[in-house]
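Data block below; observations after.
The values are calculated or read from the model by the stated rules, or taken from the named source; none is laboratory data. Remember, it's a predicted structure, so these values are computed and weren't measured experimentally. Here the Cβ positions follow ideal geometry from the backbone for every residue, glycine too, while neighbour counts run over all protein chains shown. All accessible areas refer to the heavy atoms of the entire protein, side chains included, with ligands and DNA or RNA removed. Shrake-Rupley method; radii C 1.70, N 1.55, O 1.52, S 1.80 Å.
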Amino acid sequence: MAAARERAAGHRRRFDLRFEAYFASLPERLDTPPLSRFTPRCLELLRDLSLRGGKRLRVALLYEAARLVTTEPVPGLAEAALSIELLQTHGLVHDDIIDDAPVRRGGPSTYYAYREEFPAADRTALGLAVLAGDLAAFLSMRVLLEADVPAELRQAMLEVQLNAAAETVTGQIVDLERDFRALPEEEFLHTVCEYKSTRYSVLAPLRLGLLAAGEDVAAHDARLRRYATLVGIGGQLRDDYLDLFADEAATGKSTGADLRSGRRSYAVSALLAAADDAQRALVESALGDPDCSAATVGRVRELARSLGVDGRLRADIRRCAEAAAGEASGWRPHWREEAVAFFEGLPLSSVLPAG
């Protein structure tokens, strides 16, 4: 597990330097209106958000997927990594608009940065934020066209990313739909997770890395999907758990964002399912209240603990991680041992200790 974390950290460090260089060169490579002041500011905000943190797990998955096949340098991986993270930037910008989120990665969201700059022109701020997210999505596809690889491979990689982008938008739609269900069933929560994050955050990087390395992805797609689904659900369970139960002093982040935004996450849904009518009324009163106090979040948290929701979520996270590791262990007849061990250890590294 430690080795997987170290390898992922190495991929992140190398990619961050490449991402910074990409944004430094972008104004010269992108044909923008010469008299525009708004366009350079848009690129500046996209650069700021893109370079401001993030675990770069998608990048690690991409490079390690190629290492399943070969340790030799693989053309096209650098462009694929940029494409993946630009698509992520697009998603973050639009998520923050939908959620009316003021903060992202320890700084202002793109939407709120524009709101501060245009305090008397809300529609302008909203429009510029939407367009910034759109631009990141188009840049994500454009960078793949610059990859120095055979046309057939370039087309296949573009198809992966275009499908992932479309499916992610669909996922955002069902994410909003979920919160109109009083108690979303588990299968629906899994569907939201799969479309909104798993397909572009796990499955697409795996496919892109293998494609670039010359592997026949179609022959392995079923096993890739099984692994991606387990990793995606486990990761979302972990995020939802931490949003309600994390120690703010340890993480440096406030808790209760899902409650305040009315998001019926895995954690909130599990709590609603376990609560009686009176307890459910407390939770429902906090759901969707942007001014919900830290004290109220604390009461909801203690209620969830008293009902054993925290323990059940931790157990679910562990089950997903162990199942994903087991799935990866079955890759050994097909691919290189060292890289298989990375995929085996990665999900286990996110398992939460017993509370």
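Expressed in nm to one decimal, what extension gain is obtained for the pair L51 and E72 from 0.36 nm per residue of sequence separation less their Cα-Cα distance?
Working: separation 21, 0.36 × 21 = 7.56 nm, distance 2.76 nm.
Difference between extended and current length: 4.8 nm.
Mind listing the long-range amide H neighbours of G288? Cut-off is under 5 Å, sequence gap 5 or more, other chains count too, H placed in the peptide plane at 1.01 Å from N.
So G288 has HN proximity to R260, S261, G262, R263.
Taking just the alpha carbons, could you work out the radius of gyration and Dmax for the stretch 200-312, both in angstroms?
Final numbers for Rg and Dmax: 18.3, 58 Å.
Size of the stretch 269-322 along its principal axes in angstrom, Cα-based, largest extent first?
Sorted from largest, the Cα extents of the stretch 269-322 read 38, 22, 17 Å.
For the stretch 164-206, divide the Cα radius of gyration by the Kirkwood radius and give the resulting Rg/Rh value with two decimals. Mind dumping the intermediate values first?
Working: Rg = 10.5 Å, Rh = 10.3 Å.
When Rh is taken as the Kirkwood radius, the ratio is 1.02.
Starting from the Cα coordinates of the stretch 105-261, work out the convex hull volume and express it per residue in Å³.
Details: hull volume 25.0 nm³, N = 157.
Spelled out: Cα convex hull of the stretch 105-261, divided by residues, is 159 Å³.
Can you give the accessible area per residue of the chain, in Å², using a 1.4 Å probe?
Values: 16630 Å² over 355 residues.
Here the per-residue accessible area is 47 Å².
Please give the FRET efficiency for D291 paired with F180, using the beta carbon to beta carbon distance and R0 = 25 Å, rounded to the nearest 0.05.
Values: r = 22 Å, r/R0 = 0.87.
The formula returns an efficiency of 0.70 here.
Report the residue, chosen from T198, T32, T89, that carries the largest GNM mean-square fluctuation when the chain is represented by alpha-carbon nodes joined by springs under 10 Å.
Residue with maximal mean-square fluctuation among T198, T32, T89: T32.
What number, rounded to the nearest 500 deg cm²/dmol, is the helix-based mean residue ellipticity at 222 nm of the chain, given -39500 (n - 2.57) per DSSP H run of at least four residues and division by all its residues?
-23500 deg cm²/dmol
Of A66, A246, A132, which has the largest mean-square fluctuation in a 10 Å C-alpha GNM of the chain?
Comparing A66, A246, A132 in a Gaussian network model of the chain, the most mobile one is A246.
Report, to the nearest whole %, how much of the accessible area of the stretch 1-119 belongs to carbon and sulfur atoms, 1.4 Å probe, protein only. List each step's numbers first, then the result.
Numbers: 3230 of 5890 Å².
Percent of accessible area from carbon and sulfur atoms in the stretch 1-119: 55.
Between C320, C193, C292, find the one with the highest GNM mean-square fluctuation for the chain; connect C-alpha pairs within less than 10 Å.
C292
If the label point is 7 Å along Cα→Cβ of S349, which residues in the stretch 1-42 have backbone nitrogen under 12 Å from it?
1-13
For the stretch 150-196, state which trypsin sites (Lys or Arg not before Pro) are in a DSSP loop and have at most 15 other beta carbons lying within 10 Å of their beta carbon.
Values: sites: R154, R178, R181, K196; in loops: R181.
Here the trypsin sites (Lys or Arg not before Pro) that fit, given the DSSP loop and packing criteria, are R181.
Could you pull out every residue, at least 5 positions away or on a different chain, whose amide H is within less than 5 Å of the one on R104? Hs are placed 1.01 Å off N in the peptide plane, and Pro or chain starts have none.
Under 5 Å from the amide H of R104: S109.
What relative contact order, as a whole-number percentage, does the chain give when Cα pairs under 8 Å and 6 or more residues apart are counted? If you can, show how the numbers build up before the last one.
Numbers: 451 pairs, mean separation 64.9, N = 355.
Here the relative contact order equals 18 percent.
Using a basic spin-label model with each label point 7 Å from the Cα along Cα→Cβ, how many nm lie between L126 and A156?
Taking the simple label geometry, L126 and A156 are separated by 4.4 nm.
Between A274 and R105, what length in nm is gained on full extension when 0.36 nm per residue of separation is reduced by their alpha carbon distance?
Working: separation 169, 0.36 × 169 = 60.84 nm, distance 3.23 nm.
Length gained, A274 through R105: 57.6 nm.
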